[in-house]
Ligand code: ADP
């Protein structure tokens, strides 16, 4: 795989994606069989309560870790099978990543502008307009500052500028508005949406309604399982796994307190109704 290939199909394809953390005290299944495709030019938001697996999913999608089981192709590369060097090159050149704690990706000795310039050079873009990218996230006047003199919110916006410079094919942002006020959150969301409009596949995790209401596509994680999907049309789509199990969104699940359902096929529709005798 060459890292510069143009891909006609999905930027990310995941099937039965599983992530297990093992420790002395036992195993935690953070992801339990997630199927997902991300297309060029799309903005996808992954929502779900704390601990539902959002960070674990985004860490895999950005090729930072390998799945415990399942298939994962990112920009044409098989993440489970690729060498560490290939994954590093892929990340540097083609994947923008905003970590949940922005400070983890920053270098104390570099100014904000030097951070963005460094990432542009990893992406082989000598002509990137660093000042313009800093302006987009509202850091136009802070280009000469180092991380130690920037607030948490400024560091987070710098991480977004680094993720977006030189238009990577894939942008993965883990709760990128967590430290931002309304005005700056809107700016960051506008910038992420613009990247999707220009052809990047953008995936953002959040439980912030300011973010979820802007989603082109909204995926919900619950206990490591993708439970429902809402497109911008507000049509709620439930997920059927490979074994044929249907996972209803929580609002519909509440209609079936006995957890029994009658399935009726009628022409082109399949109806689910609560049984008259739930026993
Ligand atoms: P979210 O981003 O939605 O808060 P995470 O992906 O961080 O969810 O966590 C999902 C589950 O995996 C949680 O139960 C969490 O405690 C566990 N987990 C996450 N990272 C680790 C780790 N490095 N070691 C052990 N367990 C972890």
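We did not get these values from a lab; they are worked out from the coordinates using the rules stated. These numbers come from a predicted model, not from an experiment. Cβ coordinates were reconstructed from backbone atoms using ideal geometry, including for glycine residues, and neighbour counts include every protein chain displayed.
The calculated 222 nm mean residue ellipticity attributable to helices in the chain amounts to -7500 deg cm²/dmol, summing -39500 (n - 2.57) over DSSP H runs of n ≥ 4 and dividing by all residues.
Considering only 201, 169, 85, the Gaussian network model of the chain with Cα springs below 10 Å gives its largest mean-square fluctuation to 85. Select from 177, 28, 212 the residue whose mean-square fluctuation is largest in a Gaussian network model of the chain (Cα-Cα springs shorter than 10 Å). Maximum among the listed residues: 28. Modelled spin-label separation between residue 190 and residue 126, with each label point placed 7 Å from Cα along the Cα-to-Cβ direction: 3.3 nm.
The shape of the chain can be summarised by an equivalent ellipsoid whose semi-axes, obtained from the alpha carbon gyration tensor, come to 37, 21, 18 Å from longest to shortest.
For the pair residue 246 and residue 13, a Förster radius of 22 Å applied to the C-beta separation gives a FRET efficiency near 0.50, rounded to the nearest 0.05. Most simply put, the chain has about 65% antiparallel DSSP beta bridges, counting only bridges with both residues inside it. Springs join every pair of Cα atoms under 10 Å in this Gaussian network model of the chain, and among 139, 221, 86 the largest mean-square fluctuation is at 86. Placing dummy labels 7 Å off each Cα toward the beta-carbon, the span from residue 265 to residue 118 is 5.9 nm. Relative contact order of the chain: 22 percent, from C-alpha pairs under 8 Å at least 6 residues apart in sequence. Remark: 29, 21 ranked as 21, 29, counting other beta-carbon atoms within 10 Å and listing the fewest first.
Were the residues from residue 167 through residue 66 laid out at 0.36 nm apart, the gain over their Cα-Cα distance would be 33.9 nm.
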